[in-house]
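Working notes, structure below.
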Amino acid sequence: MLYAAYGSNLDPTQMADRCPHSPQRGTGWAVGWRITFGGEGWDGALPTLAEEAGGQVFVALYEVTAGDEDALDQWESADGEATAWVYVLNDFEGGIPSARTIGILADAAEAAGAPTDYVAELRSRPCVSGW
């Protein structure tokens, strides 16, 4: 089963720690989606995806084992097209993420090899400092 990481799990080191039996199969774009924020975590609004015509989100694809899928479930409460699953927030859209959350997302995207303009756009997002 393929998992498309778009948030902090874009970081290959983090995924190797969380899901050591699930190799990365490549990177690419989830077309027709955008990163947004919603709900409230202990550190502000949480990252999630929402459908948007013309949008695209940089992702890393991992071939996830059943055991590693269970591990990801606990953490989260390619060339061509591929069908993959993602985690999305089951909560309202809106809210402002913390500067820490934005930094984690941008650092993870950079570690995964995302284009510099994509990383720069993540870093330019509105955020709340002081969380």
Residue 94, sole failed condition from (1) at pLDDT below 95; (2) open to solvent by 40 Å² or more (accessible area, probe 1.4 Å); (3) closer than 18 Å to residue 34 by Cβ; (4) among the small types (Gly, Ala, Ser): (2)
Odd one out for residue 80, checked against (1) surrounded by 12 or more Cβ atoms within 10 Å (Cβ to Cβ); (2) at pLDDT below 90; (3) assigned to a loop (DSSP other than H, G, I, E, B): (1)
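Suppose we filter 43, 117 for residues that are modelled with pLDDT of 95 or more, over 25 Å from residue 2 (Cβ atoms) and not polar (S, T, N, Q); which single one remains?
From the options 43, 117, the qualifying one is 117.
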Residue selected from segment 108-131 under the condition more than 13 Å from the chain's Cα centre (by Cα) and β-branched (Val, Ile, Thr), by the criterion surrounded by the most Cβ atoms within 10 Å (Cβ to Cβ): 128
Verdict on residue 27 being in contact with a Ser or Thr (Cβ under 7 Å, 6 or more places away or on another chain), in a strand (DSSP E or B) and closer than 19 Å to residue 58 by Cβ: no
Residue that is surrounded by the most Cβ atoms within 10 Å (Cβ to Cβ), among those in segment 9-23 that are part of a helix (DSSP H, G or I) and hydrophobic (A, V, I, L, M, F, W, C): 10
Cβ pairs under 7 Å, 6+ apart, first in segment 4-15 and under 9 Å from residue 108 (Cα atoms), second part of a strand (DSSP E or B) and open to solvent by 30 Å² or more (accessible area, probe 1.4 Å): 7/47; 12/24
Residues within segment 43-72 that are within 16 Å of residue 90 (Cα to Cα), more than 12 Å from the chain's Cα centre (by Cα) and open to solvent by 60 Å² or more (accessible area, probe 1.4 Å), tallied: 1
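The values are calculated or read from the model by the stated rules, or taken from the named source; none is laboratory data. In this text the structure is predicted, and so the values were computed from the model without any measurement. Glycine also receives a Cβ, built like all others from the backbone with ideal geometry; neighbour counts cover every protein chain displayed. Remember, those area values only see protein heavy atoms, side chains included, never the ligands or the DNA or RNA. Shrake-Rupley method; radii C 1.70, N 1.55, O 1.52, S 1.80 Å.
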